[in-house]
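Below you'll find the structure, written out as structure tokens, and then a few comments.
The values are calculated or read from the model by the stated rules, or taken from the named source; none is laboratory data. Owing to the predicted nature of the structure, the values given are computational and were not obtained by experimental measurement. Methodologically, a virtual Cβ is constructed for each residue, glycine included, from the backbone with ideal geometry; neighbour enumeration extends over all protein chains shown. The protein model used for the area step is the full one, side chains on, heavy atoms only, and it has no ligands, DNA or RNA in it. Shrake-Rupley method; radii C 1.70, N 1.55, O 1.52, S 1.80 Å.
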Amino acid sequence: QILQQYPSVPAAGTALERLDAIGSNVDPLQRAIVLFDLGRYDDAEADFQSLQDAGPAADLAARATYYLARIADHEDRNDTALADYAAAYALEPGGSVAADALWRRAQLFSYLGRFGDAQAAYASLVQQFPQSDNAAEAAFDSGLMAYLDGRPAAAATDWSAIAQSAQGEDAARADLWLGKLALAQADTATAAGAFSRAQAIQPAGYFGLRAEVLASGAGVGLAGGPLAPPSSDWSAVEAWLTAWVGPEDPSQFQALQATQDWTEGLELDALGWATTPDKLLGSAIDGVARQPWALYRAARALADRGRTMLALEAAADLLRLAGVQPG
């Protein structure tokens with residue numbers, strides 16, 4: 001039940017080891033998915049490749065190929081990832097991973113700066129899977145990719161369709177960007193109309209307020225001096241941890257620091273990379289999701305490196321373990 005219902009939690013790895021120890025048969029696909037979610041990408045890749053090589057039915061082949069694409073994507077083997085995402089979709093265009101394969105392929109195109117290809121991939125997702133959880137974001141991103149590709153008319157077409165058919169935040173965002181496009185072309189009347197619609201749709205939301213600022217032509221700045229970070233009483237935090245879970249076992253954080261994801265994430269962070277370190281370090285944190293002291297040390301280390309969002313995520317995981325809802 002753990003493998004089937006909760007494959008991404010650390011306990012799934014323990015469950016898999018215990019099932020192997022008693023000689024229980026584990027579904028090969030489920031085994032590979034658990035290994036993938038645990039970040040054991042080499043083992044997972046070997047299992048998914050074995051499944052693929054066995055010539056399975058289309059649905060199983062599509063899922064194995066999709067996860068092979070995810071692994072290649074994680075490891076920055078971009079050409080392989082793009083090809084495997086496309087293959088996963090082609091193997092079963094209406095299957096369980098088809099929409100996600102299109103979405104991740106479009107995101108990878110965008111990350112690589114291939115904006116024309118990204119627009120086509122996002123547009124394909126919207127057309128074929130309009131009910132997908134990512135369809136609304138893909139519709140906007142299709143226009144954004146055209147804009148970044150130097151084709152404002154195509155961007156306007158995509159965003160106009162959203163403005164006319166969507167509601168709430170999605171419509172306000174589309175109108176904001178239509179107004180920005182019009183301003184760039186010195187079409188003040190069209191810009192004013194678009195900004196007015198965004199304000200009416202979302203008067204207190206970001207896109208409406210941003211439209212109000214652009215319509216007025218006013219500048220935006222922060223009043224007052226720079227904000228100083230609050231002082232941290234780490235001794236009090238450590239006293240609370242000790243009272244809750246007992247003295248620290250330093251080997252837990254040392255084991256985290258020795259993982260490939262952690263070491264590579266910090267090395268790429270030192271080189272100035274922006275996106276990949278977050279993926280690697282986030283995966284490393286997932287591996288200690290049930291270890292309070294390791295989460296605490298990880299949060300402090302990441303905060304010291306300027307990876308504030310990851311530090312907050314580790315701290316939030318720690319608070320949830322303690323039964324405290326992060327606020």
- Using θ = phi - 60° and the Karplus curve 6.51 cos²θ - 1.76 cosθ + 1.60, what whole-Hz ³J(HN,Hα) does each residue of the stretch 90-102 get, with Gly and Pro shown as x? 5, 5, 8, x, x, x, 5, 10, 4, 5, 5, 5, 5
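Taking only the alpha-carbon atoms of the stretch 102-185, what semi-axes of the equivalent ellipsoid follow from 5 times the gyration tensor eigenvalues under a square root, in whole Å, largest first?
The equivalent ellipsoid of the stretch 102-185 has semi-axes of 19, 16, 9 Å.
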- For the chain, build the convex hull from the C-alpha positions and give me its volume per residue in Å³. 182 Å³
- Message: Need the full-extension length gain, residue 17 to residue 127, defined as separation in residues times 0.36 nm minus the C-alpha distance. One decimal, nm.
- Response: 35.3 nm
- Message: I want to check the label-to-label distance for residue 59 and residue 78. Put each point 7 Å from Cα in the C-beta direction and report it in nm to one decimal.
- Response: 3.5 nm
- Query: In the chain, what percent of the accessible surface is made up of carbon and sulfur (1.4 Å probe, ligands and nucleic acids excluded)?
  - Reply: 52 percent
- Task: Grab the Cα-Cα distance for residue 4 and residue 245, subtract it from 0.36 nm times how many residues apart they are, and report the gain in nm with one decimal.
- Result: 83.8 nm
- the stretch 13-166 - Rg over Rh from alpha carbon coordinates, Kirkwood radius: 1.08
- Task: Could you tell me what % of all Cα pairs in the stretch 46-101 have separations over 14 Å?
- Result: 46 percent
- Query: For the chain, modelled as a Gaussian network with Cα springs under 10 Å, which listed residue fluctuates most, 226, 152, 130?
  - Reply: 226
- Note on the structure: Distance in nm between residue 136 and residue 42 label points, each 7 Å along Cα→Cβ, equals 4.3 nm
- Task: Could you tell me the distance between the Cα centroids of the stretch 1-58 and the stretch 77-131, to the nearest Å?
- Result: 25 Å
- In nm, spacing of pseudo-spin labels at residue 216 and residue 233 (7 Å Cα→C-beta vector): 4.1 nm
- Task: Could you run the Karplus curve 6.51 cos²θ - 1.76 cosθ + 1.60 with θ = phi - 60° over the stretch 66-79 and give me ³J(HN,Hα) per residue in whole Hz, x for Gly and Pro?
- Result: 4, 6, 4, 5, 4, 5, 4, 4, 4, 9, 6, 8, 5, 4
- Message: How big is the dipole moment of the stretch 186-327 about its Cα centre under a simple scheme where the beta carbon of each Lys and Arg is +1, that of each Asp and Glu is -1, and everything else is neutral? Debye, nearest 20, please.
- Response: 400 debye
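What size of dipole, in debye to the nearest 20, comes out for the chain about its Cα centre when the only charges are +1 on Lys and Arg C-beta atoms and -1 on Asp and Glu C-beta atoms?
So the dipole magnitude of the chain works out to roughly 820 debye.
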- Message: Whole angstrom only: what separates the Cα centroid of the stretch 282-325 from the Cα centroid of the stretch 138-186?
- Response: 37 Å
